[in-house]
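The values are calculated or read from the model by the stated rules, or taken from the named source; none is laboratory data. Since this is a predicted model, take the numbers as computed values, not measurements. Cβ coordinates were reconstructed from backbone atoms using ideal geometry, including for glycine residues, and neighbour counts include every protein chain displayed.
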Amino acid sequence: MTPILQHQFNWDNLSVAAGITLWQFYFRVYDGTMGKEEVLDFVRHLNKQIQQRILRVVAASPGMPVSVLAEQLGVSTQLALYHLRKLSQAQRLELGRSGFRLRAYPGEGEERA
């Protein structure tokens, strides 16, 4: 079933920023024309959403290989690795190698499933 969004707007100009993965659809609505600040706001929001999903998956399945994590999230391995490194730098998770495979583990301050 396709969801239908219905809302009455009073705006003269409406802008929407959207992003899509295999499993998720993200969007934000802005009043007026989108500028640099709105684009950056959307990218920050999108990054936060992806990172929260990564933390949930890693907490539920510690030691999951990055390639499997990326597939489960519906994003490229490169994008998953980018966010995993950012989260590791912020000490929200830990990265470790098992043979040739890079694996993600919950950080010390994160909840474990």
Quick check on my filter: what residues within segment 89-109 are free of Cβ contacts under 8 Å to residues at least 24 places away in the same chain and crowded, with 17+ Cβ neighbours inside 10 Å? GLU94, GLY107
Quick check on segment 52-61. Is at least one of its residues over 15 Å from the mean Cα position of the chain (by Cα), modelled with pLDDT of 90 or more and not aliphatic (A, V, I, L, M)? yes
Which of (1) at pLDDT 85 or above; (2) loosely packed, with under 15 Cβ neighbours inside 10 Å; (3) part of a loop (DSSP other than H, G, I, E, B) does MET34 not meet, given it meets every other one? (2)
